[in-house]
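Notes for the one structure printed next.
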Amino acid sequence: MRNILTGIPTGTALTLIACFAAQADPLPVEKDELTLGFIKLTDMAPLAIAYEKHFFEDEGLYVRLEAQANWKVLLNRVISGELDGAHMLAGQPLAATVGYGTKAHIVTPFSMDLNGNAITVSNAVWDAMAPLVPRGPDGKPEHPISAAALRPAIDAAHERGSPFNMGMVFPVSTHNYELRYWLAAGGLNPGFYGKSDAKGQIAADVLLSVTPPPQMPATLEAGTIAGYSVGEPWNQAAVFKKIGLPVVTDEQIFEKNPEKVFGLTAEFVERNPNTTLALTKALIRAVEWLDADNGANRAEAVEILSHSSYVGADAEVIANSMTGTFAFGADDVRPAPDFNIFFRDFASYPYYSDAVWTLTQMRRWGQIAEEKPDAWYDETAKSVYKPAIYEEAARLLIEEGRAKAEDFPFGSDGYKAPTSAFIDGVEYDGRAPNDYLTKFPIGLKGGQTVTSAGVQG
C-alpha cells in the first residue's frame, strides 16, 4: 500500500448502505466507515452529491454525514477524531496549522468551491447608502457597490453614540476577509486583531463579530447587526424575508476566490492514504456532476440541498444562487453564472496560491502578529494544501474512464498567474506575498505590529 504523504509528520446523521461499483474495483481502503461533518450552507453540496449519487459507495466507503452546530465545534471534532473529515472554511486548516486559535496539523487535498458569498445590509442601511450608489440606464444600482457608500450610515450610528456592527461567520473565514477587504477598499477600517483584542476591533470604523450563518437574518431583523457577510442561502433569505438587500458578492470583491475546502488531520491522511484517495475521488466526481453541462444538474442539486438533513432551506431560496442567478432585491435578479463554481476552471484543485492569499489576509489584519518571509508563506501553504493527492485521485478516475485529463491542471506548480481581479484592482501574486501587502493603504505591512492603540511601526 503506497503512502502518498511521505514527509508529513504522523501526527441529523445519514447512514449509507454500501455497494461496490461494477465499473472498477475500489481501492483497498484502510477505513471504510467514516463520519464527515458539514455546516448547513449550499457549498456543502459536494458532500451531499457524493452521498446521494453513491460516489462514496463506488469507492467502498460507508459514510455518515453530520451537520455541525458551528465552525468551532466542527474543527474541534475533526481534531479529536470524532469526525474523520469535514467541509471547512479555507482558513481553518491554515489557521490551525500555524497555531492561530487552536493548534493542529490539518491538511486539504480538495477545494470544494470558488465564490459563493455575499454581503447583505439592512433595509435602513440601504436607504442611507442608496443616494451614493450610481444607477444604470435601467435605474438599478451599478455593481460592484463600494463600501464607501456605508459612510452616512456609519456616521449616523456614531452620532447616536452607537457602534456600527456587522456579522461574519468565523474569525478565519473567507467571509471575514472578504468583508474586511470590501470595507478597506472603500476607505473604512475594519479593525485589527491584537493581544488585547481577539475580536479584531482595534482602531475599527466598523465592528465585526461572529454570528452563526442560520441566525444572521434574524439577528439583522432584530437590529443587533447592520449587515453581514455569509454564504448562501442566508443572503437570499434576507431578500425573501424583505429585511435586507445584498450589496456585493464575493465574486465582485475577488473573482474566483477560494471558499471551502475538505479538511482532515495530517495524522488521518498518513494512516489512511487509500481512504483519503477514495474520498478525494468521490468528491471530484461530485463537483464534476454539479458543474456538468452548464449546470444542467443544479435544479436537482437544489432539491437535494433543501432537505432538512442538508441545508434545510426552501428550494426557491437555494435556487436563487445555485442556478445561475442572484437576487440583489425582489425586483433586481441578475445573471450570476459564476456565483458557485465547483469544478470548472480547476475550481477543486488545491492551489498553493489560494492558501497564500488567505495567509496574507491573516497577516494584514493582525492574526499573524509578526512579519514573515515569503518562503514561510510558501512552506505553510505546502504543509496544508496537498495537490499531489488530488492529482493521483484524478489519474485514477481517468484510468477508470470517469474523468477527462483536460479537466485537470496536471503539471501545475501550484501557483496561479498573478491577477488584478479585485474590487480595488490591486494585483496579487502568490509568489510575492509581502510585496502584495505593501500595496494596501489599510492593513499591516513589513514589520508593523498591533498595539491596543492601533498599528505601530
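The values are calculated or read from the model by the stated rules, or taken from the named source; none is laboratory data. Just so we're clear, the structure is a prediction, and the values are computed from it rather than from any experiment. Backbone-built Cβ (ideal geometry, glycine too); neighbour counts: all protein chains shown. For the accessible areas, the whole protein counts, side chains as well, though only heavy atoms, and no ligand, DNA or RNA atoms are used. Shrake-Rupley method; radii C 1.70, N 1.55, O 1.52, S 1.80 Å.
Before moving on, here are some points about what is shown:
One line per residue, one yes/no per condition, for (1) of a type in the set (Ser, Thr, Tyr); (2) over 25 Å from the mean Cα position of the chain (by Cα); (3) open to solvent by 10 Å² or more (accessible area, probe 1.4 Å):
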| site | (1), (2), (3) |
| --- | --- |
| 126 | no, yes, yes |
| 160 | no, yes, yes |
| 163 | no, yes, yes |
| 185 | no, no, yes |
| 191 | no, no, no |
| 206 | no, no, no |
| 223 | no, yes, yes |
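- In the condition set (1) surrounded by 19 or more Cβ atoms within 10 Å (Cβ to Cβ); (2) assigned to a helix (DSSP H, G or I), residue 293 is compliant with all but (1).
Quick grid of which residues meet (1) buried (at least 24 other Cβ atoms within 10 Å of the Cβ); (2) among the polar types (S, T, N, Q); (3) outside any helix (DSSP H, G or I):
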{"residue": "230", "(1), (2), (3)": "yes, no, yes"}
{"residue": "235", "(1), (2), (3)": "yes, yes, no"}
{"residue": "238", "(1), (2), (3)": "yes, no, no"}
{"residue": "247", "(1), (2), (3)": "yes, no, yes"}
{"residue": "256", "(1), (2), (3)": "no, no, yes"}
{"residue": "263", "(1), (2), (3)": "yes, no, yes"}
{"residue": "269", "(1), (2), (3)": "yes, no, no"}
{"residue": "278", "(1), (2), (3)": "yes, no, no"}
{"residue": "283", "(1), (2), (3)": "yes, no, no"}
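- Criterion violated by residue 218 - all others in (1) modelled with pLDDT under 95; (2) more than 18 Å from the chain's Cα centre (by Cα); (3) closer than 30 Å to residue 140 by Cα satisfied: (1)
- Taking the listed residues 175, 143, the one that is at pLDDT 95 or above and either open to solvent by 50 Å² or more (accessible area, probe 1.4 Å) or in a loop (DSSP other than H, G, I, E, B) (or both) is 143, with no other qualifying.
- Candidates 327, 336, 355: the one that is crowded, with 17+ Cβ neighbours inside 10 Å and either basic (Lys, Arg) or closer than 30 Å to residue 194 by Cβ (or both) is 355.
- Verdict on residue 149 being surrounded by 19 or more Cβ atoms within 10 Å (Cβ to Cβ) and among the small types (Gly, Ala, Ser): yes
- For segment 296-307, the tally of residues that are in a helix (DSSP H, G or I) and either over 18 Å from the mean Cα position of the chain (by Cα) or at pLDDT below 95 (or both) stands at 7.
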